[in-house]
1. On average, how much accessible surface per residue is there in the chain, in Å², for a 1.4 Å probe, leaving out ligands, DNA and RNA?
2. Rounded to the nearest whole Å³, what is the per residue volume of the convex hull around the Cα atoms of the range 164-212?
3. How big is D for the range 328-379, in µm² s⁻¹ as a whole number, if Stokes-Einstein is applied with the Kirkwood radius of its Cα pairs at 10 °C and 1.306 mPa s?
4. Quick query: amide H of I311 versus all other amide H atoms, modeled in the peptide plane; which residues come in under 5 Å with a sequence gap of 5 or more or a different chain?
5. Would you calculate, for the chain, the mean residue ellipticity at 222 nm contributed by helices, counting each DSSP H stretch of 4 or more residues as -39,500 (n - 2.57) and dividing by all residues, to the nearest 500?
6. Over the range 198-350, what lengths in whole Å, largest first, do the semi-axes of the equivalent ellipsoid take, defined as the square roots of 5 times the eigenvalues of the alpha-carbon gyration tensor?
7. Tell me, Kirkwood radius of the range 15-121 from alpha-carbon pair distances, in Å?
8. Given a Förster distance of 25 Å, report the FRET efficiency between D49 and L344 from their Cβ-Cβ distance, rounded to the nearest 0.05.
Amino acid sequence: MKAFYGDLKLGILGGGQLGRMLIQQAINYNVLVKVLDPDREAPCRKLCDEFVVGSLSDYETVYNFGKKVDLLTIEIEKVNVDALEQLEKEGVVVYPQPRIIRLIQDKGLQKQFFKENGIPTADFQIIASREELAASKIPFPYIQKLRRDGYDGRGVYKVIDETYLSKAFTEPSLVEHLIDFEKEIGVIVARNQSGEVNTFPLVEMEFNPQANLVEFLISPSTLPFEVHEQAHQIAKKIAEDLNIVGILAVEMFLTKDGKILVNELAPRPHNSGHQTIEGNVVSQFEQHLRAIFNQPLGDTACLNNAIMVNILGEAGYEGPAIYQGIEKILNCHGVYVHLYGKALTKPFRKMGHVTIVDADRDKAIEKARFVQETLKVVS
C-alpha cells in the first residue's frame, strides 16, 4: 500500500461530524481525503479534498466512489456492503472489513456473535413478526430493538406489559431482557492489520432519557480495578474474535450485582470517545487512522480528567442554529467547544460537543454540569 502521508487516497463513507473530526486529524498526517455523503451541506464538505454527493446505500454510487480511492473507511454503518465486498475483491482496502460492517448492521447477528463467542450479554430472542413478539419467552418488561437501521436511540422500544404490544415494531427485531444496571460504561478498542490491540480507559456514560443517546460522559471511570480489567478484556476479545482493523466502540452495562454485559458495538469512531481529543495522549480519531494505515498504535493514557457533554438541539426548536450561552461557557478554564458545522437545528440533533478537562475530577464535573445547563441550541 502507498505511504499514507504521500499519494494514498483515503475515502470516507459518510460526511457527518465523525468524518469531520477524522479529517481534522488526517490533515496532520498530510492524508488526501475524499468523502461521500447524500447531504450536500454535510459537516465534512469544506474540510476534505473532494466531496461527492451521493447515496451511501446505492451499490453503483458506493462502488464508483470506492474505485477512485486506495483505502476506504466509514463513519456510519448504514452503507452498501455488497459494493464494499466487490471493491475488496478488486483490491481496494476496506477497513473495517465489509463482513464486520454486515454483521454490525444487523443487531440480531451481533447478538448471535456474542453468544457464539462467549461474550456476556443480556438474554435475547430473535423474532420476525408481532405474533412471535407476543409469544416471546423473554418475560416482561423487555426491550425490543429493530434488527436493522436503528441508531441514536431510534428503533428501540420498551415493552412493559401486554398493553404495550399494540405499538411494538412489526419489522424483524430482537427482544432482550431489560437490564437493571448500575451504570452504562464503554471501552474503545483499536486493532491494526499486524494484530496489535490497544484499549482506551473505561468511561462512564449518562444517556438522555428522551432521545436515548449519550449526553454526558466521564473519563476515566473510578469504578473498581476489577471492573476495568474485565471490561478491557471483553473489548480486546471482541476485537480479536472479529479480527477487525480499525476502531471498535464497545457499549456495556454494569449490573447492580457487578456483572458486565455487552450491549452493542460500533465499528468506527464513536460518541463515547470524543473526550480523547483533549483528554488522552492520542485521540480515537488518530488511533483509527494509525490502525487502518497499519502503523503502531498510540498511547491511550488519560492526560487529565475529561468530561464530554453532547450539545443537542433543544426540544421545540427547528431552523437556523443559535448557540445561547456560548460566551459564558468559553469564560470557563479548561472548556473546549466543538461545533459540527450544521446550519440547521432540530430537537435532539447532535450539533456539537464540549469537553471539560481539570486535574480535580469534582471540579470538572461541576463545570460540565454548568455547560449542560447553560449552552442551549435554539432557533
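The values are calculated or read from the model by the stated rules, or taken from the named source; none is laboratory data. These numbers come from a predicted model, not from an experiment. When we count neighbours, we look across all protein chains shown, and the Cβ atoms used for this are built from the backbone with ideal geometry, even at glycine. The protein model used for the area step is the full one, side chains on, heavy atoms only, and it has no ligands, DNA or RNA in it. Shrake-Rupley method; radii C 1.70, N 1.55, O 1.52, S 1.80 Å.
1. 44 Å²
2. Values: hull volume 8.6 nm³, N = 49.
Measuring per residue, one finds 175 Å³ for the Cα hull of the range 164-212.
3. After rounding, the answer is 133 µm²/s.
4. Residues meeting the amide H criterion: M351, G352, H353, V354.
5. Values: 11 runs with 102 residues, N = 379.
Helices in the chain give a 222 nm mean residue ellipticity of -7500 deg cm²/dmol.
6. The equivalent ellipsoid of the range 198-350 has semi-axes of 28, 19, 16 Å.
7. Values: mean 1/r = 0.0677 Å⁻¹.
Result for the range 15-121 stands at 14.8 Å.
8. 0.45
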